[in-house]
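In what follows, a single structure is set out as structure tokens and then discussed.
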């Protein structure tokens, strides 16, 4: 895949995710070696190369950041909390 085409795909993913900022989401992330993280949180903001999920658990607030390429390579799966709609896929 040439570089210009891959940049267009990541731009489309970024635009798709940006439309869901402020919404509750469920995230499933592969951490390697059969470790998987599943959390619920709020899509807090998007940046040029990453997006941030705000997670509240045990009266603490954590922020997790992932790259758009993580969605492209299926290392991270993002869904709306109230449904099965996956976001960040093309």
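The table below lists the values:
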{"quantity": "Residue match in segment 72-80 (condition: part of a loop (DSSP other than H, G, I, E, B), in contact with a strand residue (DSSP E or B) (Cβ under 6 Å, 6 or more places away or on another chain) and either closer than 24 Å to residue 11 by Cβ or modelled with pLDDT of 90 or more (or both))", "calculated": "yes"}
{"quantity": "Entirely in segment 19-68, the strands (runs of 3 or more DSSP E) that have 1 or more residues that are farther than 19 Å from residue 86 by Cβ and touching a residue at least 24 places away in the same chain (Cβ under 8 Å)", "calculated": "35-46"}
{"quantity": "Residue match in segment 69-90 (condition: touching a helix residue (DSSP H, G or I) at 6+ places or on another chain (Cβ under 6 Å) and loosely packed, with under 15 Cβ neighbours inside 10 Å)", "calculated": "yes"}
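Listed here are the residues, each with its yes/no results for (1) buried (at least 16 other Cβ atoms within 10 Å of the Cβ); (2) modelled with pLDDT of 90 or more.
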{"residue": "31", "(1), (2)": "no, no"}
{"residue": "47", "(1), (2)": "no, yes"}
{"residue": "52", "(1), (2)": "yes, yes"}
{"residue": "60", "(1), (2)": "no, yes"}
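The values are calculated or read from the model by the stated rules, or taken from the named source; none is laboratory data. The shown structure was predicted, so the numbers you read here are calculated from the model rather than taken from an experiment. Reconstructed Cβ throughout: ideal geometry from the backbone, glycine too, with neighbour counts over all protein chains shown.
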